[in-house]
Amino acid sequence: MIKQPNSRMCFACGLENPAGLHLHFYDNGVDEVAAEFTIQPDHQGYPGVAHGGVVAAILDELGGRTVMIGNPIANKEPNAISKISTAASTPTSSLAGWV
């Protein structure tokens with residue numbers, strides 16, 4: 001896996017953002033991006049359950065970073081996800097997803 005760059009203040013990957021998630025992203029060079037994250041007490045909704053907004057933020061970042069793979073233009077210009085849809089039938093304490 002290839003480590004993708006981090007920024008300074010991004011909520012998802014900003015290494016200097018005190019309120020951020022400090023995620024590190026890795027891609028396979030083709031079409032997959034991965035990150036590991038353990039929900040901290042600051043990121044929960046109900047006790048022990050990941051806040052849906054945090055889950056959506058992680059999915060948003062994964063989608064945006066998937067577009068960046070092998071695309072030098074996307075690495076230099078902002079990109080945005082136009083729609084995210086999530087559904088959970090049980091409380092989320094861990095997350096695995098595909099974009």
Can you pull out the residues in segment 32-61 that are hydroxyl-bearing (Ser, Thr, Tyr) and within 12 Å of Leu21 (Cα to Cα)? Thr38
For segment 44-54, state whether one or more residues are modelled with pLDDT of 90 or more, surrounded by 14 or more Cβ atoms within 10 Å (Cβ to Cβ) and assigned to a loop (DSSP other than H, G, I, E, B). no
Output for segment 15-33, where each listed residue is surrounded by 15 or more Cβ atoms within 10 Å (Cβ to Cβ) and either touching a Leu at 6+ places or on another chain (Cβ under 8 Å) or free of Cβ contacts under 8 Å to residues at least 12 places away in the same chain (or both): Asn17, Gly20, His22, Phe25, Val33
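The values are calculated or read from the model by the stated rules, or taken from the named source; none is laboratory data. None of these values were measured; they are calculated from a predicted model. Here the Cβ is made from the backbone with ideal geometry for all residues, glycine too, and neighbour counts use every protein chain on show.
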